[in-house]
Amino acid sequence: DTMKRHIHYLLILFITIYGLSAQNWTDTLYHPRNVVLEEFTGIYCGACPNGHVVAHEIDSANPGRVVVVGIHTSDNYSKPHPGSGHPDFRAPWVSKIYSQASCWYFPTAMVNRTLFDYGLCSSDTGVNKGMTRGSWAEASNEILADDSAEVNIGVRSLWNESTSTLSIDVELYYHNSQNINNRLNIALSENNLIGYQSSGGNDYEHNHVLRYMISSDSSNTWNGVKVDNIVPGEWQTFHFDYYVNTAQDTLIFEHTGYGHIDTVYRESINIDNCELAVYVTDFSSSNIHTGVAIHAKNDSTNSEPSSLSENIQSNKKLKVYPNP
């Protein structure tokens, strides 16, 4: 009996230790691809509210399967008029992302940065990836029907109120080999931002607004962190600590345009309204394999935190992505 009790206790100890140390924000099962819809928009774009509606409808029709990132990049559509008091939602380096769309009007969007042969925003067939809003749903449905996501993405994010810091852990589990390295992207976006919108008025609610690319490094790269040494059936893990400056009128970047330096200030960020969009692209950042989204503050892609302390810190509204 004593031996049995010892074996029983050792078994409990093993399960406890393994449960605390094992990767647990994703799994090793095959999942379908999720949609990452990068929507190019602007406060002075009169047709853009229609694009916001289309993106929202696609998201609502496929809960847990669609990641929307609203990108304000054009000076013509996004730069506030002097003295207007209109919000400035521009973010650093997003013009590099927009260059892949190869479009010259808004609203437009890329669906997983994939090249489709319909709904293009110009006649350059086979070149641009930007699509008119009438084709976003059709392109999204093609991605959603693909049941062979090459990589599973798991994410856990904890918020430290005292230091205004996000502690982000990402797990990648590859099913298929890659020809060369991939890129891991983490975007911080914000919902419920009230401000001016052409055709929407002064009290328009802006959602999924890209605030910053957390995965960008000090050299101003925009296309994420390199993922190399990829071996199917093995885990890749990454950790990020990101300070969120919640102060009003935070200087985020300056750039030279039209012969002068344009200074861009970001309005205060409310972490309670923020999301993390996490997605993996191929080596050229030109095709998104899949993506997930969670709340930035105390959330995870796994509904079962790995320890009691994480359970205490985590938001109760946890989600499971992808949704089989």
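Per residue, how large is the accessible surface of region 194-247? Use a 1.4 angstrom probe and give square angstrom. Write down the numbers at each step before the final one.
Values: 2860 Å² over 54 residues.
Value for region 194-247: 53 Å² per residue.
Given H placed on each backbone N at 1.01 Å, which residues far from A91 in sequence or on other chains put an amide H within less than 5 Å of it?
Those qualifying (amide H under 5 Å, at least 5 residues apart or on another chain) are H72.
Can you give the accessible area per residue of region 71-137, in Å², using a 1.4 Å probe?
Details: 2780 Å² over 67 residues.
For region 71-137, the solvent-accessible area averages 41 Å² per residue.
Quantify, in whole percent, the carbon and sulfur part of the accessible surface of region 132-176 (1.4 Å probe; protein heavy atoms only).
Of the solvent-accessible surface of region 132-176, carbon and sulfur hold 39 percent.
Students often check this: by mean Cβ neighbours within 10 Å, which of 276-284, 133-141, 90-98, 293-301 ranks highest, and how do the rest follow?
On the way: 276-284: 21.9, 133-141: 18.1, 90-98: 19.9, 293-301: 23.7.
Top to bottom by mean Cβ count within 10 Å: 293-301, 276-284, 90-98, 133-141.
Kindly write out, for region 145-159 in residue order, the coupling ³J(HN,Hα) from the Karplus curve 6.51 cos²θ - 1.76 cosθ + 1.60 (θ = phi - 60°), rounded to whole Hz, with x marking Gly and Pro.
Running phi through 6.51 cos²θ - 1.76 cosθ + 1.60 with θ = phi - 60° gives 7, 7, 8, 10, 4, 6, 8, 9, 10, x, 9, 9, 10, 10, 10 Hz.
So what's the net charge close to S140: Lys and Arg +1, Asp and Glu -1, counting the other residues with Cβ under 14 Å from its Cβ? Don't jump to the answer; show the numbers that get you there.
Numbers: positive: R33, R65, R113, K129, R133; negative: E38, E39, E57, D59, E138, E142, D146.
Residues close to S140 contribute a combined charge of -2.
The values are calculated or read from the model by the stated rules, or taken from the named source; none is laboratory data. Nothing here was measured: the structure is a model prediction, and the numbers come from that model. So basically every Cβ, Gly included, is an ideal-geometry build from the backbone, and we count neighbours across all protein chains shown. Ligands, DNA and RNA are excluded from the accessible area calculation, which covers all protein heavy atoms including side chains. Shrake-Rupley method; radii C 1.70, N 1.55, O 1.52, S 1.80 Å.
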